[in-house]
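S.K.: Once you've had a glance at the structure underneath, I'll fire off some questions.
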Amino acid sequence: MVLVAAAVGVSVMGWFLSPHITELMRVARDCAATNFMVHRGSKKKLEKLVQDLEEIKRLLDPASTTFVNNQSKLDRLWQLKEDIHEVEEILDLFQLEIHDVQSTGIYIFKNKKVSGQLVKVVKTIGETREKARDLQQGAPSSSLILARPETGHNPVMNKGSFFGYHDKYDQLVKMLWPQPIGNKVEGKKIPLVIAILGHAGMGKTELARQAYRDAKGKFDRRIWVHAYGKNTESDLLKEIWKSVAGREPVGEMNVTCLQRELEKLLAPQRCLLVLDDVWNHESATHEVERKHAWQALDLFTRCAQDGSRIVMTTRAKICSATFKADATIFLDGIKDKEMTFLLNHTANGTTENSDQGVQERIDRQVPKLKGSPLAAVEIGEDLKKKTTSKEKCDIIDDIESHLGTVYQDHLFTYRYLPPHLQRCFQFCSIFPYNWRFEPGKLSKMWMALGFVEEKAHPRVGNGVSSMEDVARGYFDDLVDRSLFQLEQSKGGGDKQARYVIHEQIHWMIRMASANNCISISGDSTSVAKTSIPATVRHLSVASNCLDELRKKHPSWVLNKLRTLLVLKNDDDSKSSTVDKGILKLFKGVRVLDLTAATDLTHLPGTIHNLKHVRYLGLPSTMRNLCDEVTELLFLQTFSLDGKKQNTCRLQRFPKHMNRLVNMRHLDIDMECIANISGIGRMAKLQGPIEFKAVRASEKEGHAVSELEGMDSLRGTLSIKGLDAVPSKEEAMKARLEQKSAVKVLKLEWGPPDPRRVNGGPADSDAVAVLEGLQPHRGLHELRITRYPGATSPSWLGVKMERLTSLYLRNCRKLNALPVLGELPCLELLDVKELSCVERIEGGFCGAGMFPKLKKVVLDDMPRLLSWGDMPKLALPELAEVNIVDCPRLSSLSGLEHCVCPLSLRVKGLTAITPENLPAIFSTGVSSYKFH
């Protein structure tokens with residue numbers, strides 16, 4: 001298909017906008033600037049390389065991609081991409097050489113080939129620049145909006161042939177037909193803007209047409225607008241004017257004039273406005289510009305009479321959000337039986353096929369159409385043209401190859417994406433159908449492949465612009481465009497959100513990416529049937545196919561791969577062994593995911609030959625992690641499957657993991673992380689991590705000062721063994737105030753040492769240490785365990801503006817609860833084993849109150865006598881109180897002024913009975929339960 005080839009061209013062009021070239025220029029500049037650049041002439045060659053890369057990036061500006069209009073130019077683009085990849089590899093090698101020189105202090109480069117390769121690459125990239133200049137000739141000067149056929153309001157199907165979606169239609173008309181007083185019916189607000197959302201070919205326009213037809217006589221005026229490409233208020237107002245006035249805008253009607261004229265026409269009438277085929281304004285440079293068109297609807301809602309409605313059809317959730325839809329009707333396909341009726345009715349005018357053989361084939365093949373009405377109509381139209389049973393059976397047996405219109409429509413969705421989303425989504429084609437995507441894991445792979453820049457993104461607030469934030473922003477953008485769908489929860493212990501791709505869309509991106517991404521599944525014979533083009537850079541393969549892959553494909557093809565994803569076998573056949581022979585074939589990989597290679601227990605030492613790898617995923621069966629892993633200088637993510645299920649059991653962990661200074665994510669057991677010595681060198685490490693503080697005399701663990709430069713930490717930070725920290729000054733070296741991306745902080749002292757007279761460190765020492773561990777103000781959750789001090793830190797009550805959860809555990813010398821009333825966001829207070837606390841009183845609130853506190857847990861507090869009076873309105877949101885094993889507690893008068901209905905659960909209290917509970921429990925609004 002022509003559109004498929006065009007989509008491939010766009011994806012190649014989109015790659016040139018990727019961070020690859022920008023990052024390569026940065027690396028080349030850094031290499032040229034180093035004092036260790038000892039190869040003769042290397043500095044000048046690298047500077048020349050930067051100039052050529054900058055010129056290529058300028059010439060191949062993907063703002064216009066329409067010049068990729070023939071196979072010859074497309075082939076040249078692939079060659080340009082290959083040349084850029086070679087530059088990337090040689091710069092990796094230069095960085096490794098410089099790192100070796102810096103580490104050893106020996107000013108001699110070991111690999112003499114690097115200099116020769118640089119000479120070759122500089123020559124090649126100079127030729128590449130000239131190719132880019134030739135390609136650019138004749139290119140349009142500005143971006144063109146992709147053309148789409150204009151839709152009309154006349155239904156394709158009459159009522160008798162409108163199969164499926166009857167429940168959706170009923171849902172829609174119930175929101176349209178009522179004649180409300182104002183905008184309410186039976187006390188319920190009627191939606192003003194209703195979005196019909198669904199993928200290409202799902203019947204959105206036809207459903208809107210059916211409602212538009214039946215709305216005749218129920219509205220004073222019906223207005224149908226084909227909204228595609230109408231990205232400004234002026235564009236949309238002109239289309240509304242054309243539909244209302246029946247003619248083009250007169251002269252140079254500006255927005256003000258259009259508003260005035262439309263207000264005259266619409267003001268006294270109850271109107272139905274249908275905006276068909278609404279698309280996101282992808283070329284908008286900022287949020288305000290993207291929402292310009294919505295202002296036209298604002299005029300409509302102000303001018304039209306109460307009871308007017310707006311219906312919009314769109315493929316993307318982001319559009320329904322932009323146009324502020326009050327309700328959404330999601331179309332995800334009609335049932336197989338209805339598909340059969342629609343297909344037959346299109347083919348021969350009846351819902352049944354008189355030819356039993358043809359009908360049986362239709363019944364078997366219809367599920368492949370995935371509920372798409374457009375697909376049923378397309379197959380029906382093809383069958384209508386055939387006269388013999390054999391011709392019809394041939395179409396049905398090969399039904400997927402007759403869906404050109406459907407897949408072209410899906411491809412249009414892909415082409416319309418911005419280039420950075422094109423390349424990220426294209427990569428997803430190497431995963432199998434129905435794959436359950438984890439956003440975090442996929443984002444890390446995108447980062448490893450250089451698809452993500454560390455720069456600002458519209459979703460990223462508070463000045464944070466890490467690659468992780470930007471990558472997650474890309475993923476959310478694809479969700480907003482309905483290309484990923486959240487998988488419905490099936491229960492169970494794993495609560496992590498996972499997403500799926502609709503099968504037809506998955507099929508489409510496989511077509512669009514066939515020259516760049518390949519997936520091989522099935523048995524070993526699948527390898528023999530699959531050709532891997534020289535342009536392919538991303539490969540997924542079933543683990544039982546690896547041996548055959550090695551036999552069939554030459555090493556020069558496999559060496560150029562950037563991704564190797566090993567998948568589980570489709571059957572129970574034996575997996576191939578991942579040995580040193582296989583690993584050496586993939587020297588160019590950036591992403592190596594072997595999590596499905598469940599026979600793998602020891603990683604071959606030849607892993608060090610994969611010098612470019614950024615993402616390494618291993619199965620939970622791993623027992624021995626070789627020292628050679630620490631030679632993978634560029635490694636950003638090391639992931640061990642089974643971490644979440646606690647099934648990974650590494651018996652040997654390399655001693656020098658701290659050499660991996662580019663590491664951002666260690667997705668392994670916390671215990672392993674706690675044993676990495678010199679972890680402070682890994683300054684880019686994100687988290688969650690467990691930090692094990694030790695005394696200077698101890699060998700295993702960390703000095704708390706190692707945290708000083710680790711300001712990239714985010715998520716959860718756990719610091720154990722704080723009894724080993726001698727002073728406030730030492731604690732302050734951790735600089736926790738600078739770790740602004742850490743959201744959960746766990747501070748834990750060790751158990752009391754029975755050999756010491758006082759059972760642990762002096763109280764004053766612990767108080768000083770905790771004072772020095774002041775976190776940043778944006779922390780969400782704080783857990784303090786076995787703190788042996790008598791008083792709370794000064795920062796806890798007033799400098800934790802976003803703290804939502806506080807856990808105090810086994811702080812047996814703490815003589816009073818901290819003053820927490822000035823924490824505006826605190827929702828949960830969970831206190832356990834505070835042996836010295838005797839009373840909770842009004843001072844607990846300080847000068848403030850608990851505006852958001854919803855739950856309090858008091859557990860194992862043997863000396864607690866009372867929860868005394870609290871200021872009125874101190875606990876306006878408190879809804880749940882659990883009290884366990886507080887045997888001396890005799891008063892709960894502090895709950896008397898609770899405003900919300902309160903649920904009290906009590907266990908192990910002898911002095912509290914239903915009779916002496918506060919009065920709020922006698923009204924029936926609040927409840928209690930004794931265990």
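The values are calculated or read from the model by the stated rules, or taken from the named source; none is laboratory data. Since we're looking at a predicted model, the values are computed, not measured. In this analysis, Cβ positions are derived from the backbone assuming ideal geometry, glycine residues included, and neighbour counts consider all displayed protein chains.
S.K.: Can you confirm whether residue 306 is assigned by TED's automatic domain parsing to the domain that holds residue 256 and free of Cβ contacts under 8 Å to residues at least 12 places away in the same chain?
M.R.: Judged against the criteria, residue 306 is not a match.
S.K.: More than 25 Å from residue 542 (Cβ to Cβ), modelled with pLDDT of 90 or more and touching a Leu at 6+ places or on another chain (Cβ under 8 Å): is that true of residue 484 in this structure? Give the steps one after another, and end with the answer.
M.R.: Numbers: more than 25 Å from residue 542 (Cβ to Cβ): no; modelled with pLDDT of 90 or more: yes; touching a Leu at 6+ places or on another chain (Cβ under 8 Å): yes.
It is false that residue 484 is more than 25 Å from residue 542 (Cβ to Cβ), modelled with pLDDT of 90 or more and touching a Leu at 6+ places or on another chain (Cβ under 8 Å).
S.K.: (1) at pLDDT 85 or above; (2) over 26 Å from residue 199 (Cα atoms): which one isn't true of residue 454, the others all being true?
M.R.: Exception for residue 454: condition (1).
S.K.: Examine the range 545-556 for a residue that is assigned to a loop (DSSP other than H, G, I, E, B) and modelled with pLDDT of 85 or more, and state whether such a residue exists.
M.R.: For the range 545-556, residues assigned to a loop (DSSP other than H, G, I, E, B) and modelled with pLDDT of 85 or more: absent.
S.K.: In this structure, does residue 747 turn out to be part of a strand (DSSP E or B), closer than 20 Å to residue 729 by Cβ and modelled with pLDDT of 85 or more?
M.R.: Yes; evaluated as a whole, the condition is true for this residue.
S.K.: Kindly check whether there is at least one residue in the range 410-419 that is of a type in the set (S, T, N, Q) and in contact with a helix residue (DSSP H, G or I) (Cβ under 8 Å, 6 or more places away or on another chain).
M.R.: Yes: the range 410-419 contains one or more residues that are of a type in the set (S, T, N, Q) and in contact with a helix residue (DSSP H, G or I) (Cβ under 8 Å, 6 or more places away or on another chain).
S.K.: Report, ordered by the first and then the second residue, all pairs with beta carbons closer than 7 Å, sequence separation of six or more or different chains, a first member in the range 815-837 that is under 21 Å from residue 882 (Cβ atoms), and a second member that is among the small types (Gly, Ala, Ser) and at pLDDT 95 or above.
M.R.: 827/805; 828/805
S.K.: Evaluate the following for residue 516: is it touching a Phe, Trp or Tyr at 6+ places or on another chain (Cβ under 8 Å) and modelled with pLDDT of 85 or more? Give the derivation first.
M.R.: Details: touching a Phe, Trp or Tyr at 6+ places or on another chain (Cβ under 8 Å): no; modelled with pLDDT of 85 or more: yes.
The answer is no for residue 516.
S.K.: Determine which member of the set 817, 808 is part of a loop (DSSP other than H, G, I, E, B) and closer than 20 Å to residue 861 by Cα.
M.R.: 817
S.K.: OK, next. Quickly run through the range 197-226 and pick out the residues that are of a type in the set (Gly, Ala, Ser) and part of a loop (DSSP other than H, G, I, E, B). Reasoning before the result, please.
M.R.: If we filter the range 197-226 for residues that are of a type in the set (Gly, Ala, Ser), which is where we start, we get 198, 200-201, 203, 208, 211, 215, 217.
Passing the criteria: 200, 201, 203, 215, 217.
S.K.: Yes or no: the range 903-919 includes at least one residue that is in a strand (DSSP E or B) and under 25 Å from residue 744 (Cα atoms).
M.R.: No: the range 903-919 contains no residue that is in a strand (DSSP E or B) and under 25 Å from residue 744 (Cα atoms).
S.K.: Right, next: Would the range 312-323 turn up any residue that is under 30 Å from residue 219 (Cα atoms), in a strand (DSSP E or B) and aliphatic (A, V, I, L, M)?
M.R.: There is at least one residue in the range 312-323 that is under 30 Å from residue 219 (Cα atoms), in a strand (DSSP E or B) and aliphatic (A, V, I, L, M).
S.K.: Touching a Leu at 6+ places or on another chain (Cβ under 9 Å) and more than 26 Å from residue 740 (Cβ to Cβ) - does that describe any residue in the range 796-803?
M.R.: Looking through the range 796-803, none of the residues is touching a Leu at 6+ places or on another chain (Cβ under 9 Å) and more than 26 Å from residue 740 (Cβ to Cβ).
S.K.: Among the residues of the range 557-581, which ones are polar (S, T, N, Q) and modelled with pLDDT of 75 or more?
M.R.: 559, 563, 569 - these are the residues of the range 557-581 that are polar (S, T, N, Q) and modelled with pLDDT of 75 or more.
S.K.: State whether one or more residues within the range 334-347 are under 18 Å from residue 400 (Cβ atoms) and in contact with a Cys (Cβ under 9 Å, 6 or more places away or on another chain).
M.R.: no
S.K.: Okay, next question. Taking the range 837-855, which residues are under 15 Å from residue 893 (Cβ atoms) and β-branched (Val, Ile, Thr)?
M.R.: 840, the sole residue that qualifies.
S.K.: Within the range 648-675, restricting attention to residues that are at pLDDT below 85 and among the polar types (S, T, N, Q), which residue is farthest from residue 468 (Cα to Cα)?
M.R.: Of everything passing the filter in the range 648-675, 651 is farthest from residue 468 (Cα to Cα).
S.K.: Which of (1) modelled with pLDDT of 65 or more; (2) farther than 30 Å from residue 243 by Cβ; (3) surrounded by 12 or more Cβ atoms within 10 Å (Cβ to Cβ) does residue 164 not meet, given it meets every other one?
M.R.: For residue 164, the exception is condition (2).
S.K.: Please work out which residue is modelled with the lowest pLDDT, limiting yourself to the range 788-805 and to residues that are under 20 Å from residue 767 (Cα atoms) and in contact with a Lys or Arg (Cβ under 8 Å, 6 or more places away or on another chain).
M.R.: Restricting to residues being under 20 Å from residue 767 (Cα atoms) and in contact with a Lys or Arg (Cβ under 8 Å, 6 or more places away or on another chain), the top hit is 799.
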